[in-house]
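For reference, the structure is listed below as structure tokens.
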Amino acid sequence: MDRKAHWEDVYQTKAADSVSWFQPVPQPSLDAIGRFGGTPAQSLIDIGGGASALVARLAEAGWSNLAVLDISAPALDVARAAMGAGGDAVEWIAADITAWRPARGYDIWHDRAVFHFLTEDPARAGYRAALAQGLKPGGLLLMATFALDGPEKCSGLPVQRYGPAELAAALGDGFVLLDSWREEHHTPGGSTQNFNWCAFRKAGENAA
């Protein structure tokens with residue numbers, strides 16, 4: 001499957017606020033960042049941020065060291081345009097996370113609904129390599145995937161569902177599970193999707 005072609009087609013044929021994962025306000029993400037000590041002095045990368053409003057909300061709260069990675073350039077264009085001139089201060093990265101190797105480290109790595117699309121071992125290994133290079137020692141990993149009782153498919157693609165133990169095993173050694181919790185996400189279409197959220201601390205000294 002050509003992941004890039006699939007997601008670019010999604011964002012070119014559907015309104016950003018109509019896709020199932022859309023949130024008018026990314027409150028679960030904002031709450032998690034605040035709960036685990038995220039501050040505007042830190043750097044954050046939003047993996048698969050696409051047209052999400054997360055970085056816009058963080059920028060409004062005084063965050064200035066922000067990055068968004070998505071495989072779909074059109075999705076990034078939507079988010080950047082929505083921020084107006086403020087979008088110029090964000091690092092926009094159009095890349096496949098399974099092949100991308102970050103040039104710098106981040107204090108917080110946020111991933112809502114990307115990792116569960118990686119159903120094959122080579123793709124997950126590529127993601128883990130990017131994560132190992134891109135999250136600073138002591139950094140915070142916030143990841144949301146479909147829960148074990150969540151959907152089996154999304155956007156026409158199969159997904160891998162996770163509970164906290166399964167996700168910790170998939171990420172491998174070097175990450176300490178801080179906590180996990182569930183989210184019932186209500187889609188624009190009116191259905192409910194059960195998510196599993198996990199917060200991990202990467203081994204090493206605390207990030208600044």
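A short reminder: the numbers here are calculations on the coordinates, not readings from a lab. Treat the numbers as computed from the prediction; the structure is a model and nothing was measured. A quick note on method: Cβ atoms are made from the backbone with ideal geometry, for glycine too, and the neighbour counts reach across all protein chains shown.
Taking Cα Rg over 2.2 N^0.38 Å as the quantity of interest, determine which of (1) 1.09; (2) 1.01; (3) 0.94 was computed from the displayed structure.
Only one option fits the structure, namely (3).
What residues have an amide H closer than 5 Å to that of L118, excluding those fewer than 5 places away on the same chain, when H is modeled at 1.01 Å from N in the peptide plane?
Here the answer is Q160, since their amide H atoms fall under 5 Å of that of L118.
Once phi is turned into θ = phi - 60°, what whole-Hz ³J(HN,Hα) does the Karplus curve with 6.51, -1.76 and 1.60 give for every residue of the stretch 44-52, x standing for Gly and Pro?
9, 10, 9, 7, x, x, x, 8, 4
Any chance you could check the Cα centroid distance between the stretch 113-186 and the stretch 39-108 for me, in angstrom?
19
Antiparallel versus total DSSP beta bridges in the stretch 3-202: what percent is that, nearest 5?
50
Using Cα-Cα distances under 8 Å and only pairs 6 or more residues apart, what relative contact order does the stretch 3-202 have, in percent?
On the way: 383 pairs, mean separation 38.5, N = 200.
Reported relative contact order: 19 percent.
Taking GluC sites (Glu not before Pro) that fall in a DSSP loop and have at most 14 other Cβ atoms within 10 Å as cut points, what is the longest piece of the chain between them?
No qualifying site falls inside 1-119, the longest such stretch.
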